[in-house]
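Asks: Can you read through this structure? Questions will come right after.
The values are calculated or read from the model by the stated rules, or taken from the named source; none is laboratory data. Note that the structure is predicted; figures quoted are calculated from it, not measured. Please note: Cβ atoms are built from the backbone with ideal geometry, for glycine as well, and neighbour counts cover all protein chains shown. Accessible surface areas use protein heavy atoms only, side chains included; no ligands, DNA or RNA. Shrake-Rupley method; radii C 1.70, N 1.55, O 1.52, S 1.80 Å.
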Amino acid sequence: MNLHGAGAVMNGDTNDSTNELTEKIRFLKGTAISVWQNSGDGGSNWTRFANSLWPFRYFGVKAIRGKYNIDACSDFWNNYERDIKLAADIGSTTLRFSFEWARIEPQRGVIDMEAVRRYHQMLDCMEAHGLEPNATLWHFVHPTWFEDAGGFTREENIPAFVEYSKRCFEWFGSRIRLWATFNEPTCYMFLGFIVGIAPPGRIFDLAGAGRMLSTMLKAHVEAYRAIKAMPGGDKAQVGLVSHHITFEAEADGILHGVAKMLSDWMTYWWGWDVVEHWMLTGEFVWKLPVLGVWQQWKDPAGKPPCDWWGINYYSRGIFSWYLLPSCRHQEVMTDMYYPIYPEGMYRAIKRCSEFGIPMYITETGIADSRDDRRAIMIDAYFKEVMRAVAEGYDVRGFYYWTLIDNLEWATGYTMKFGLYSWEPDGSVDRKLKVEGGARGRFGSMGGFGSEGSKTLIRYFRTLPDDLAGVREAAQKAQAVLGADMGVEEELEEEGFVRMGPDGKMMPGGKGRGDRGEVEMGKGVGLLAIG
């Protein structure tokens, strides 16, 4: 079943008999950005790290891959009007963005009111274009003075974050309904404390990683309660955004025994199990290899407060027997070290539904420099979301990562996630990706290669803006396309791997997506960490 046929089915009329309460719930469609990744700043942990040689400074290895650093950026800070219009042009109804603590409070207790006014101007622009803001208070970036004080490894620093959060809500609370305290605490913990490719650049500091995650989760609770206690706080929806990824060995057997052990710990370190247990019980448990439980506490109030849950999902990781990133037979790799894996999106939604609160897909996307896989990734992942909505899961929005090619943290500008192309050398400036795939490997396969970003635009412009309408449209599509929305058949037709009902890879397929053809060795990233 091709994309155009499915889109026509999903453009169904809403049902007047749908529950009145459900009809009032919006389904938000948009993109997610980090202001720092598109603008930089003058004094944050990430700006300092980006310009350092840490953690391998003695060998002259830069922290950021490639020729260009954050000083060469698309400059959203000064081009926000242009970029917000680009978001609206693709049919968005929302924009997820970040407040940058280092710009607002560059020195402790010193507030830059020009930065506050600039954020008000951004919100004015979003309002003018009909975009509902979704604000993240911390997206991996904080002031250097906070980092030097120990950051989130020290619980005595929690009040500083709470005060910053309260200031932001005091200034902008009447203009923003959706707030996230933190973006991907476990991802930042892993990158900064275990593999050392993010500040503070520590390697295998497993005890420090646990302290950092513990403190950040406690800070979420404190910030949530502080915001809710403020005037207007009862109207705010305060959530938390988490990266959902699992790891597994490429195969079973003795040869892959070490890969299996590493995969289990990677899944644990990334923190899905830790955060899930905390969300369900209010108990935090941090374990270390051999030593067992290293840190444990339980909030006497029980389950942590959270109004909504943000799901950042890209794929799942596969390790070969020699411990390098791999993929299964016929899977297609992205430019990052993981494959396209739509089934995991549905599984993440199903698992997170246990929290009993509304969910948003706050990030998903693909690093695709050739732009020959973007369209089918968007189509397959979006259909998995629609599958979940059709089955009654409370998913209220979809945000693609990201609007414009940006500095993707330690991988620099080598990872092309944007719907719009942008190059730091000035050769390309905000060009919608709709043509590059025609010259790529999938350019002649069903037309997907040449679709590029247009695939997302079609979904945004076709689907209703309310959850009830989206659910009805998804159910109509499911009745025609099958329980999995036709994703398995579509991937097989495009030469991708087929999936069984349990998510395992099935033999067969047309063989055009084997790992040799997708040039695994050209992946240069570790993981998507938007």
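Asks: Residues to consider are 509, 516, 503; find the one that is open to solvent by less than 20 Å² (accessible area, probe 1.4 Å), assigned to a loop (DSSP other than H, G, I, E, B), within 16 Å of residue 332 (Cα to Cα) and at pLDDT below 95.
Replies: The match here is 503.
Asks: Here are some conditions: (1) modelled with pLDDT of 95 or more; (2) more than 19 Å from residue 342 (Cα to Cα); (3) not in a loop (DSSP other than H, G, I, E, B). Residue 396 meets all but one. Which one does it not meet?
Replies: Answer for residue 396: the failing condition is (2).
Asks: Condition first: in a helix (DSSP H, G or I), free of Cβ contacts under 8 Å to residues at least 60 places away in the same chain and open to solvent by 50 Å² or more (accessible area, probe 1.4 Å). Now tell me which residues in the stretch 160-200 satisfy that.
Replies: If the condition is that a residue be in a helix (DSSP H, G or I), free of Cβ contacts under 8 Å to residues at least 60 places away in the same chain and open to solvent by 50 Å² or more (accessible area, probe 1.4 Å), then 163, 171 are the ones that fit.
Asks: For residue 411, work out the one condition from (1) among the polar types (S, T, N, Q); (2) open to solvent by 10 Å² or more (accessible area, probe 1.4 Å); (3) in a loop (DSSP other than H, G, I, E, B) it doesn't fulfil.
Replies: Every listed condition holds for residue 411 apart from (3).
Asks: Hey, another quick one. Could you count how many residues in the stretch 283-333 are assigned to a loop (DSSP other than H, G, I, E, B), crowded, with 23+ Cβ neighbours inside 10 Å and either of a type in the set (Phe, Trp, Tyr) or in contact with a His (Cβ under 7 Å, 6 or more places away or on another chain) (or both)?
Replies: Looking only at that region, the number is 2.
Asks: Out of 360, 322, 313, report the one residue that is at pLDDT 95 or above, within 29 Å of residue 259 (Cβ to Cβ) and among the hydroxyl-bearing types (Ser, Thr, Tyr).
Replies: The unique qualifying residue is 313.
Asks: Pull up the stretch 251-267, narrow it to residues that are touching a strand residue (DSSP E or B) at 6+ places or on another chain (Cβ under 7 Å), of a type outside the set (A, V, I, L, M) and at pLDDT 90 or above, then point me to the one that is most open to solvent (accessible area, probe 1.4 Å).
Replies: 260
Asks: Yes or no: the stretch 367-389 includes at least one residue that is out of contact with any Lys or Arg (no Cβ under 9 Å at 6 or more places or on another chain), of a type outside the set (A, V, I, L, M, F, W, C) and surrounded by fewer than 23 Cβ atoms within 10 Å (Cβ to Cβ).
Replies: No, the stretch 367-389 contains no residue that is out of contact with any Lys or Arg (no Cβ under 9 Å at 6 or more places or on another chain), of a type outside the set (A, V, I, L, M, F, W, C) and surrounded by fewer than 23 Cβ atoms within 10 Å (Cβ to Cβ).
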